[in-house]
1. Under 16 Å Cα to Cα from B:K132, which aspartates and glutamates show up? Leave out anything in the same chain fewer than 8 places away.
2. If you take every residue apart from B:F138 with its C-beta less than 13 Å away from the C-beta of B:F138, what net charge results, scoring Lys and Arg +1 and Asp and Glu -1?
3. Specify the angular offset, from 0 to 90 degrees and rounded to the nearest 10, of the alpha carbon long axis of helix A:310-320 from the longest principal axis of the alpha carbons in chain A.
4. Step through the table entries B:K50/C:K262; D:K127/D:K244; D:K42/D:K244; A:K276/A:K304; D:K168/D:K276, compare each Cα-Cα distance with 22 Å, and write down the pairs that go over it.
5. Among D:E164, B:E137, which comes first, then next, by fewest other beta-carbon atoms within 10 Å?
6. As I understand it, the value is the acute angle between the Cα axis of helix D:114-132 and the longest principal axis of the Cα atoms of chain D; what does it come to in degrees, rounded to 10?
7. So how long is each side of region D:175-262 along the principal axes, counting just the alpha-carbon atoms, biggest first, in Å?
8. In 10 Å bins starting at 0, how do the alpha-carbon pair distances of chain D split up by percent?
Amino acid sequence: MAFWSANRNVSVIKSALGLASNVFSKNSTLSGPILQVRTATKRAAGSRTNMKDSAGRHLGPKKNEGQQVEPGQIIMRQRGTKFFPGENVGIGKDHTIFALEPGFVRFYYDPFHPRRRFVGVALDQESRLPTPHFAPRARRFGYVPIEDPKKASIEETHLNRKQYLAKPKLDEDLKFREQKRAKTLSQYQKDLSQIIPELEAEQLNIASEHLLLVRNHLKNGSNDTEARSTAIAVHIQNLKLSLRKREINDSEFKNSLDSYQNLISRLEKEVSFDSKYNLIKFRSEEERITLVNELRSTIEEVLKSNSKDKLQKVKDLIFNSTVLTLSEAVKFKRTFAKSVLPESIGVSESVGKNSIVTKRWNYTKQRVEVIARTKEAFLSK
Amino acid sequence: MLRSSAKSSIQTLSRGFLSAEQIPSKSGPIQFVRGKRTKKVSSISPQTQKIITQLSVLSARKKVPRVLKLSNEDLVRHDAVQRAWGVYQKDKRIKNKSDLAKQYEAMNNAMTDLKSTNRELYDLANVREVNKKFPLEFRIPTHFPPNKVWYYDYVPKDETKTTKEN
Amino acid sequence: MFSQKLVSQGNIRLFSTSSAAAGRVGCSLVKPVHHLIKIDKNKLSPRFPELNLEKNDIRNPGFRPVATHQDRVAEHYTNTLQSDLLLMNFQHNQRRKEGLKRRQWDGSSPNHPSRTLRKPKGSEVETPDIKIYTDKNIPIIESITLNCYTKLAKDNANHAISAALQLQQITNCKPKPLHSRKDVIAWGVRRGWLMGAKVELKGRPLSQFLSTLTEIVFPRIREFKGLSSRAGDKTGNLSMGLTHEEISFFPEIESNQDQWSKTYGMHINIKTTAQTDTEARRLLSAYGFPIHGTERKNAF
Amino acid sequence: MLRSQLLKFSKRFMATATQDSKKELEEITKSWASNSKSDSFKIKYQQSRRAVLNGVGPYGPPSLRSRRAKLQYMSPLGLDEAFDSAYEILKTKSNETYKEIEELDTKISQTKNVNELEELNNLKNSKLVQAEIDNPEVRFNFTYHDKINNDSSIIDYNEPVYRELKKKHWEDYSQMLLMQRLEQLGAIPDTLPTLNPRAEILVKFLNHTTINRWIEPGKLLPTNATSYPPSFKIQEYENVDPKKQLYTVLVVNPDVPDLENDSFKTYLHWGLSNIKLSNFNENFIGPKQILENKEINEIIDYLPPVPEKNIPTQRFITWVFRQPESISINLKNRDFDIRSFVEDHGLDAIGGHIWRSEWDSSVAKVRELYGLPKGTVYHRVRK
């Protein structure tokens, strides 16, 4: 960029693009530099520059040290920054300095800029500027509370245009989510009453709320312990808050805390989630693995059968399963629900009527390979 | 074969620069024949053409190699090689420095000894030889030896004579 | 017409990014921070993440492989020359020799305290002290600057481009443009004209150039005497010149001679860490630089 | 052009030469001397380990996902040979350092002077870093695994080398971001005068399922997200004893309206003291840890951000301190002077975090939950 940016080279580029005729052949005949010669064409007739003066620009300080100012009042008019804007003042495009806060004007030096003079506004009469570097800033609040409760409620419910336009949609979404939540909650209550029939109505409520929260955290990617402990912490915090609000007394708090902890320990022993987050009787990891193995064998059996819709059957088995974790389901899908099975199954020796020819590129050998597969290899056929 | 004007202009441009009037107008399609030169004789003088070539040689365009795409494993391996090279160079530098320090110390000690034993010899040894140079025959070692390995009958030129002649 | 209309309505949209043009003040106040952590904004920006990698990371676009081939010139220096030079420059009980320094005024005038100090005796400028030679300050060639200023470029700037290309061909390094610094009426040159190019060589390109120069170019120059014993700036930096005919001995030029109808001479400025020119010449003689003439008597 | 041809040729050659994929099955003979010292100095996944130490085989690098990409991948020429000798160099260097460490150990066992001992321990720490920092396996582990929610069998922050690597990683981005935000939002002179960061503090609100991630310093959070107490992670980078060191966490809000003085006052929204981290890996302070760990003292219970309508955005600054001794005070009043508190208890600020909050429609709900009175409504216009 920097190299060929000389003015004279514009012509080189121009000629290169054919925009100018051959400049250099002409120029090369010039023996020296082109010098401009200025000749007098007008008789001297006095200077035009004298006898003109503009009105004064009214520069200078408009407020002095210690003088009181209101926001927006001009403290200084100047050309350039003779004074720099300090605390609580602003600077205009012609370097006019004006107050941003009500207070008292201060002219001062700042040790961080030893060669600059500053103007600032101190918030009260005693304070000096600059405020020490590591001290907390002096700030004015400046907002006034609305005393009239009617006006206050109007102001509180006031929405700006964007919020106002978005509100109906948000309300609708919220309603939908709450309905969904209520539905799951009632389902959990139903399931839970079947799994642990001896639970009382209140306990059932607490337990299903807890399990719902755990489910939400699990669905969000938290691990098991984190999800459970968060749900417990939320409940305990709620209990503490109702104690603080005097909705319950100390003994009630203690009782409900104890019963809650008992309930939680019971839930941990007797209830667990299946892979679709439905509540089931407690199932250990070993039990789950035996179920997975069973599923595997059923799928293999389906694959061996000659039914036409076996691919769909396998897919249904995988997708409707409540024992497979998400990663296991993906793995199952990749191994069993493929439209073409791996080459360990159904490679035929010769190309014939019963075989189907596939071609594929072999990267290591750098050539196309032709492979004959029997119909077994294709789940869809 | 008919092609749109925009395409054909790109194809001819790829052969070199076109002058403004030679860029085909957008109005009508032109026929493109493979291998046929569509532009007339260039109006660029050979001198200008030469400068264009020179500028293109000077410019960094097309000379920057493409960034190698390495797998995670190879990136770590490459990093290890660079680190090892750094370690090796550092060791070499440290050894070289300590060798020189030792040499300096030895020279200093020898001269101190000499000073205490024989002052005359010391003075002779400590004379600064202003004209001392490496001989012109001194060579930077090469990978391959010269045709004649050593000039056994070599007699160096008398420097003082040549300077007098000059 | 369109723009006029806009102006008359007072709706001028300014697209300039500079704050002055946008109607804001040209006053910058850098507020002092309250911590000691240096903040690199490039690293906080999500743009160009690969540029934030270390320079020696191969994913960084600025990555350069360091050691692509053996550097026999540099190896020659570390293996042989360093210890030899240490021996040759060594002097027992050497003292630090004060350089020429500015002198105090005698105080005869009341203006003396505020006046800049007197020039040193026997020199226009101050000269550095000559320190004791130890293993820590063995002279080495720091860099070589090739300076190709061509008179022809004043009529036709294309010559400057050719000169730059010539430098690039010889050194394999990207040259920088050289502009005339001021108007010189006698030369017919104006300030700011592109007059040639220069390139500073360091490291491997330096070694490459040095070996080409001493092993290929110098032996082929007819009646070549070498570096003058009187050349130099007294502080260990030497320079010499090559004429435009001698340039064509560089193999890069010679092998392509029909392309190089015109070659350009250049200055070679050799910057060394030697403290005097004598030592610099001694250093260069080790690389095969012929040196003619005798040293000045008061060289030390 | 030439290079690509060469590569193709070499690949073909390789494919024929190693048809039985000997290289892939080859045992890993290389190993760093310290591999036995910690599992985290080894690459856990055997295929990756083989690829790093023995070279990428004909089946391609395991880090690439698809089979196609694996087969198309080509290692740069000559890297294998260069790596082998490089590995030897780095290994011998590391062995030398371990020998020095052994000597240091004997020295440490003999020294009784406390200052000298500390110096020696610091030296040993730096040597331990130096011995492992060039280990390709360590570098691989650190570069390509989760550095925050770390698996201690892969990245073990009890090892000085991983702490050092993480520290550099932190300094490269997170530390700068935090300090920039603290300065820009005026948190530094308004609450504490300055901060010399020596530990990384990460904050998360677990209760809220949509913001279940580490919060970027300075982020504006909705009030329903912050309605339950946050969780922390305190990642120490200095060589402290995690079994003894106690920490204090304070969440302060310097933007509470102070109508009497027409200014702002500071509230303490939450305070915890006597927090102990068992080691450098388990440094998460969540609801579980607070419930189970009875040693933790709650200076004051959690008050969520409940900003009033029309006041400027409030800042919530989390400060983390090392405390010289146990603190077991409980406060009732939220009006708080953090500077005098820090001075009184000799606290050493090692890190912080900041989030912001402003009035939104869920403030009323949070106020109701915590039994707080209805908030004041202010005029929209500042006077």
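1. Of all the aspartates and glutamates, those that pass the test against B:K132 - Cα under 16 Å, at least 8 places apart if same chain - are B:D158, B:E159, C:D84, C:D277, C:E279, C:E295.
2. For residues surrounding B:F138, the net value is +1.
3. That helix lies at roughly 70 degrees to the long axis.
4. On the way: B:K50/C:K262 12 Å; D:K127/D:K244 24 Å; D:K42/D:K244 30 Å; A:K276/A:K304 28 Å; D:K168/D:K276 25 Å.
Violating the 22 Å Cα-Cα cut-off are D:K127/D:K244; D:K42/D:K244; A:K276/A:K304; D:K168/D:K276.
5. Ordered from fewest to most neighbouring Cβ atoms within 10 Å, D:E164, B:E137 come out as B:E137, D:E164.
6. Here the helix axis deviates by roughly 50 degrees.
7. Here the Cα extents, ordered largest to smallest, are 46, 35, 25 Å.
8. 4, 18, 24, 19, 15, 11, 6, 2, 0
Only the coordinates and a few stated rules stand behind these numbers; no lab work does. Since this is a predicted model, take the numbers as computed values, not measurements. Reconstructed Cβ throughout: ideal geometry from the backbone, glycine too, with neighbour counts over all protein chains shown.
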